[in-house]
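The values are calculated or read from the model by the stated rules, or taken from the named source; none is laboratory data. Owing to the predicted nature of the structure, the values given are computational and were not obtained by experimental measurement. Virtual Cβ from ideal backbone geometry, glycine too; neighbours counted across all protein chains shown. Keep in mind that these areas ignore ligands, DNA and RNA; they rest on the heavy atoms of the full protein, side chains included. Shrake-Rupley method; radii C 1.70, N 1.55, O 1.52, S 1.80 Å.
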Amino acid sequence: MSHKIPSDMKEALCADSKAISFWESITPLARNEWICWVIAAVKPETRKKRIERTRVELKEGKRRPCCWAGCIHR
């Protein structure tokens, strides 16, 4: 299953040229992992932190969220 990027996540990534550039270079499966990790957050503050961490880690060249079992929807 492929997830659609949430608007809040897309907005954060698009505001950072380096992060969005790297986002576009990773595979659809890798993008799906980031999206699933963000939408799996239960609390709004956790989701916000995960979106920021996604932005930062993409800029660092990380292709997948660290220390996460992966998308449960596949």
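So the values come out like this:
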read-out: Lys62 vs. criteria free of Cβ contacts under 8 Å to residues at least 60 places away in the same chain and either of a type in the set (Asp, Glu) or surrounded by fewer than 13 Cβ atoms within 10 Å (Cβ to Cβ) (or both); value: no
read-out: Output for the stretch 39-53, where each listed residue is under 20 Å from Asp16 (Cβ atoms) and open to solvent by 100 Å² or more (accessible area, probe 1.4 Å); value: Lys48, Lys49
read-out: Residue in the stretch 3-10 that is hydrophobic (A, V, I, L, M, F, W, C), open to solvent by 90 Å² or more (accessible area, probe 1.4 Å) and part of a loop (DSSP other than H, G, I, E, B) present; value: no
read-out: Filter result (basic (Lys, Arg), without any contact (Cβ under 8 Å) to a residue 24 or more places away in the chain and over 21 Å from Ile72 (Cβ atoms)) within the stretch 1-47; value: Lys10
